[in-house]
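**Student:** Quick one: structure below, then a few questions.
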Amino acid sequence: MNPIDPIPRSQQRIVTFGGGTGHYYLLRGLAEHNAPDKITAIPGSWDDGGSSGRLRTELGVLPPGDARQCLLALMQNADQREVAQRLFDDRLVDIDGPFRGHSLGNLLSARLDQIFRGQDRGIEAARRLFQIPSKIAPASLTDLRLIARTHSGIEIEGETNVDLRRKRADFLPDDRITRIYFNTRADPNPEALRAVAEAGKIVFSSGDLYTSILPHLLVDGMPEAISAAAGPLVFVLNLMTKRGETDGYTASDHLRAFLFYLGDNSRLDYVVANSEALDPEILDIYRQDGQEPVELDEDACQALAPRAVFVRVPLGRYLKKEHLLRHDPEKLALTVLGLPSGRTQASPPAI
């Protein structure tokens, strides 16, 4: 099986889940190689840190950060995207007053929410403003606060605090996160459920497992909608572990957590994993921060998800300016688009 099957402007109906840069790079690749009006991005809506967290508290709007990243990734014109990136990322550090430190992109999103009197309507207005054909439908429109519980019983409240858990005085890498939950019922966004039901493929991007990926499966009805959908389910494995969230995690550890919240170990069709050897010098720098490449222990993974086909592709990409390892957006998109559209069989052949 050749996992990369380039299809110029494929017409597949793709739904993506995720957050942060992992979701951004997946969407950026898909925006180049798939019909943009066939893409629906489902970002998270539980961010409570930085500018997003302040606007959420002060104005009662949906945290705009992840949706803003989706807007940028899905812009079709490179010049437009470059200008929008600089505009959105401007933090107004040269002014005094209550707006200082806010992302201008977040302020724009928050104001559109208020003008159009609805958190989902503000995102829709931004999509129309920037002439983005793709859809963006947050998983939930409820005001949510994420809570994590570790094996020793420590509870960490707030997405940002979970994300920065490594900085806590009581942090121990071996004290793994065992459960996450919201402080209240997470009502699903009907538009997100509708997109999942109509999807030709459902893709979970790489990203922070307990803050960007798994919380989507805490939204009421979302796991059931994914299980009932006809299209294959694809899980993109992280390149590296995340300090404070997935210390020492292998691929099977990631899958075990994902399948627990999905509630259906026969639903996963494809796991996309990096096959490229990463530069030892770069890995040494990551190891100094307590991060390791995610080991693909395929036998253990196959026991957890018997239907899943493991697709290994050289996806690692080093961004020199940012000094970061990321998935190559083009290779990742072409891999996803090249996967068969039907569900896998119970006993898939070895690749």
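**Student:** Mind checking whether some residue in the range 21-28 is over 22 Å from residue 147 (Cβ atoms), outside any strand (DSSP E or B) and either at pLDDT below 70 or among the basic types (Lys, Arg) (or both)?
**Tutor:** The answer is yes; a qualifying residue exists.
**Student:** With respect to the numbered conditions (1) part of a helix (DSSP H, G or I); (2) in contact with a Leu (Cβ under 7 Å, 6 or more places away or on another chain); (3) over 28 Å from residue 224 (Cα atoms); (4) hydrophobic (A, V, I, L, M, F, W, C), which one is the sole condition not fulfilled by residue 278?
**Tutor:** Failed condition: (1).
**Student:** Please verify whether the range 253-270 includes one or more residues that are among the polar types (S, T, N, Q), buried (at least 20 other Cβ atoms within 10 Å of the Cβ) and under 22 Å from the mean Cα position of the chain (by Cα).
**Tutor:** no
**Student:** OK, next. I'm checking my understanding of the structure. Among residues of the range 286-338 that are among the aromatic types (Phe, Trp, Tyr) and at pLDDT below 95, which one is surrounded by the most Cβ atoms within 10 Å (Cβ to Cβ)?
**Tutor:** By that ranking, first place goes to 286.
**Student:** Looking at the range 239-262, which of its residues are more than 12 Å from residue 210 (Cβ to Cβ) and in contact with a Leu (Cβ under 8 Å, 6 or more places away or on another chain)?
**Tutor:** 239, 240, 250, 251, 252, 255, 256, 259, 262, listed by residue number.
To keep it simple, each residue is scored yes or no on (1) in a loop (DSSP other than H, G, I, E, B); (2) of a type in the set (Gly, Ala, Ser); (3) modelled with pLDDT of 95 or more.
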site: 166; (1), (2), (3): no, no, no
site: 186; (1), (2), (3): yes, yes, yes
site: 191; (1), (2), (3): no, no, yes
site: 211; (1), (2), (3): no, no, yes
site: 215; (1), (2), (3): no, no, yes
site: 248; (1), (2), (3): yes, yes, yes
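**Student:** While we're looking at this one, here's another question. Taking residue 334 as meeting all but one of (1) more than 29 Å from residue 177 (Cα to Cα); (2) under 19 Å from the mean Cα position of the chain (by Cα); (3) free of Cβ contacts under 8 Å to residues at least 12 places away in the same chain, write down the number of the exception.
**Tutor:** Failed condition: (3).
**Student:** Let me ask another. Here are some residues: 98, 173, 133, 138. Which one is more than 30 Å from residue 255 (Cβ to Cβ) and at pLDDT 90 or above?
**Tutor:** Of 98, 173, 133, 138, the one residue that is more than 30 Å from residue 255 (Cβ to Cβ) and at pLDDT 90 or above is 133.
**Student:** Can you tell me which of (1) outside any strand (DSSP E or B); (2) within 17 Å of the chain's Cα centre (by Cα); (3) more than 24 Å from residue 317 (Cβ to Cβ); (4) of a type in the set (Val, Ile, Thr) is the one residue 180 doesn't meet?
**Tutor:** Failing condition for residue 180: (1).
**Student:** In this structure, does residue 296 turn out to be under 22 Å from residue 23 (Cα atoms), assigned to a loop (DSSP other than H, G, I, E, B) and among the hydrophobic types (A, V, I, L, M, F, W, C)?
**Tutor:** Criteria met by residue 296.
Every residue, every condition in (1) under 30 Å from residue 33 (Cβ atoms); (2) in contact with a Pro (Cβ under 7 Å, 6 or more places away or on another chain); (3) buried (at least 16 other Cβ atoms within 10 Å of the Cβ), yes or no:
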| site | (1), (2), (3) |
| --- | --- |
| 152 | no, no, no |
| 156 | no, no, yes |
| 176 | no, no, yes |
| 184 | no, no, no |
| 187 | no, no, no |
| 205 | yes, no, yes |
| 226 | yes, no, yes |
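The values are calculated or read from the model by the stated rules, or taken from the named source; none is laboratory data. None of these values were measured; they are calculated from a predicted model. Quick reminder, even Gly has a Cβ in these numbers, built from the backbone with ideal geometry, and neighbours come from all protein chains shown.
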